[in-house]
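To start, the structure under review is shown below, and the notes come after it.
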Amino acid sequence: MSLLTIGFNRFIIKNMKDKLLTIREVAEFLRVSERSVLRYIEAGRLKASKVGWWRVLQSDLDEFLKRTSNFNKKKKLKK
């Protein structure tokens, strides 16, 4: 595990190959507006770091998609 220090804040990066994405890159990937991405960040749904501008680790975006996906959720059966 590597440690990246920026200013007074410390961020633990699991993998140094983990890419930092801009808000625009995240918005384009998710096909939503940049404002929507900022809302996800402000609501605490998407982890991000402010390094001049907001940046999102690729692994945090992947985790966000796993948490918000309905792919693995079980369907409720009506009786």
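Only the coordinates and a few stated rules stand behind these numbers; no lab work does. For clarity, every value in this text was computed on a predicted model and none was experimentally measured. With ideal geometry, Cβ positions are generated from the backbone for all residues, glycine too; neighbour counts draw on all protein chains shown.
Net charge near I41, counting Lys/Arg +1 and Asp/Glu -1 over other residues with Cβ under 12 Å of its Cβ?
Within the 12 Å Cβ shell, the charges total +3.
Along each of its three principal axes, how wide is the spread of alpha-carbon positions in the stretch 18-68, in whole angstrom units, largest first?
28, 23, 20
What dipole magnitude, in Debye to the nearest 20, does the stretch 18-68 give about its Cα centre under +1 on Lys/Arg Cβ and -1 on Asp/Glu Cβ?
Once rounded to the nearest 20, the dipole reads 140 debye.
If we count every other residue with Cβ under 13 angstrom of W53's Cβ, Lys/Arg +1 and Asp/Glu -1, where does the sum land?
Computed value for this residue: +1.
Return a whole-number percent for the relative contact order of the stretch 18-68, with Cα pairs under 8 Å and 6 or more residues apart as the contact set.
42
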